[in-house]
Amino acid sequence: MYGLHADRTYTPSANGTDYWTLAPSVRWKPAPRFEVQAGPTLQRVIEDAQYVKKATAAGEVPADFCGLRCVFARMDQTTIGAEVRLNVSCTRNLTLQT
C-alpha cells in the first residue's frame, strides 16, 4: 500500500507577517506492521518587524529603556527540510514512531 499527501498552508496577517508551508510526502506500507513516510518541507516567513538588537540612542529615550532603542528589521526567511518517519505496530495498542 502506498499514498501521496501534499499539505500547503498560508497564513497572512494584518500586522505584516506572512507564513506559508509546503510539505508533500509519500507513504509506503511494505508490511502490515510497518509504514514509512518521507518528504521534503519548504517554509517561507516574511516578518515586517523582527527584533534585531538594542542600540545606544541619541536624544530622548524613555527611562525604562536604559538609554537604548530597540532595532527592528524586515526578515525574509526560507527554510528547507526533510522529514522521514517509520511507524511500527507492535500490538493493537502499542505503536512506535521514529
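The values are calculated or read from the model by the stated rules, or taken from the named source; none is laboratory data. Small disclaimer: the values here were computed from a predicted structure and weren't measured. Neighbour counts are summed over all protein chains in view; Cβ atoms, including those assigned to glycine, are modelled from backbone coordinates with ideal geometry.
Numbers for the structure displayed
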| read-out | value |
| --- | --- |
| Within segment 13-56, tally of residues that are surrounded by 13 or more Cβ atoms within 10 Å (Cβ to Cβ) and more than 15 Å from D76 (Cβ to Cβ) | 14 |
| Residues of segment 16-31 satisfying the condition of being of a type in the set (K, R) and over 18 Å from A82 (Cβ atoms) | K29 |
| Candidate set from segment 1-35 (those that are of a type in the set (A, V, I, L, M) and part of a loop (DSSP other than H, G, I, E, B)); member that is modelled with the highest pLDDT | A14 |
| Residue within segment 51-68 that is on the phi < 0 side of the Ramachandran plot, at pLDDT 90 or above and assigned to a loop (DSSP other than H, G, I, E, B) present | no |
